[in-house]
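First the structure, in the form of structure tokens, and then the observations on it.
The values are calculated or read from the model by the stated rules, or taken from the named source; none is laboratory data. What you are looking at is a predicted structure, and each value in this text was computed from that prediction instead of being measured. Quick reminder, even Gly has a Cβ in these numbers, built from the backbone with ideal geometry, and neighbours come from all protein chains shown. Just so you know, the surface numbers come from the protein's heavy atoms only, side chains and all, with ligands and any DNA or RNA stripped out. Shrake-Rupley method; radii C 1.70, N 1.55, O 1.52, S 1.80 Å.
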Amino acid sequence: AIHAQAETAQLVLDRGGDYLFALKANRPAMLKAVAAFFADPPEPLESFQTTDADHGRIETRRHRTTECVDWLFGDRAEPGAPTMRGLATLACVEAVRDDGAPSIRYYLSSARLTPERFARAVRSHWAIENSLHWVLDVTFDEDAARNRADNGPENLAILRRLTLNLLRTARPKLAISRKRKRAGWSDAFARSIIGQMR
């Protein structure tokens, strides 16, 4: 939610990229308007469906997109909310696991996305996101961190990612958790890991 901000969108665009942001409760009026749009679109939307059978459960996802975005910043917009520069696509994923209740997520993108292209983009994003956060939580117990003051959480997150990248690339080829333990037990091993920084 923290990065679905106009400033972040502008930064991504200035650097030549396209953004794909999850729309969450930090933009309540926009979230409500987009949800209402996808619940009853003015015309039928093209969709793309995927089915996965991972981790012992079946999940079906229906992806829909629209390039109809101009209405979003009219009188329905949050008062004083900045517009999302470059916004080209609104997208929706409706996921159902093993005939359970549907889970619906909404996205904003500066790229013009078909439902199929959106499905690939959002899945690849979650694969990266999940693998990184899983490693950080398992290896560094990041979810248990209680630092909340000032710049502390951001500074520690940067240090964890720096350390993770260093441990991933350093020789010998061992599990990251084993490299961390050995570095804690042996100053010589820790110096050899740090010495491999480029």
Item checked: Odd one out for Gln49 among (1) more than 20 Å from the chain's Cα centre (by Cα); (2) in contact (Cβ under 8 Å) with a residue 24 or more places away in the chain; (3) not in a helix (DSSP H, G or I) -> (2)
Next item on the list: List the number of the failed condition for Gly16; all other conditions in (1) modelled with pLDDT of 90 or more; (2) loosely packed, with under 11 Cβ neighbours inside 10 Å; (3) in a strand (DSSP E or B) hold.
Entry: (3)
Note to self: Checking Asp143 against (1) exposed (fewer than 11 other Cβ atoms within 10 Å of the Cβ); (2) closer than 30 Å to Phe73 by Cβ: exactly one of these is not met. Which one?
What the structure shows: (2)
Next item on the list: Output the residues belonging to the stretch 72-105 that are at pLDDT 90 or above, among the hydrophobic types (A, V, I, L, M, F, W, C) and open to solvent by less than 50 Å² (accessible area, probe 1.4 Å).
Entry: Leu87, Ala88, Leu90, Ala91, Cys92, Val93, Ala95, Val96
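Taking the stretch 128-180 as the search range and keeping residues that are of a type in the set (Lys, Arg) and without any contact (Cβ under 8 Å) to a residue 12 or more places away in the chain, which one is farthest from Arg191 (Cα to Cα)?
We begin by selecting, within the stretch 128-180, every residue of a type in the set (Lys, Arg); these are 146, 148, 160-161, 168, 171, 173, 178-180.
Within this subset, residues satisfying the condition of being without any contact (Cβ under 8 Å) to a residue 12 or more places away in the chain are 146, 148, 168, 173, 178.
Details: Arg146: 29, Arg148: 31, Arg168: 15, Lys173: 16, Arg178: 15 Å.
Only one residue tops the list, namely Arg148.
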Check: With respect to the numbered conditions (1) at pLDDT 85 or above; (2) not in a helix (DSSP H, G or I), which one is the sole condition not fulfilled by Arg148?
Finding: (1)
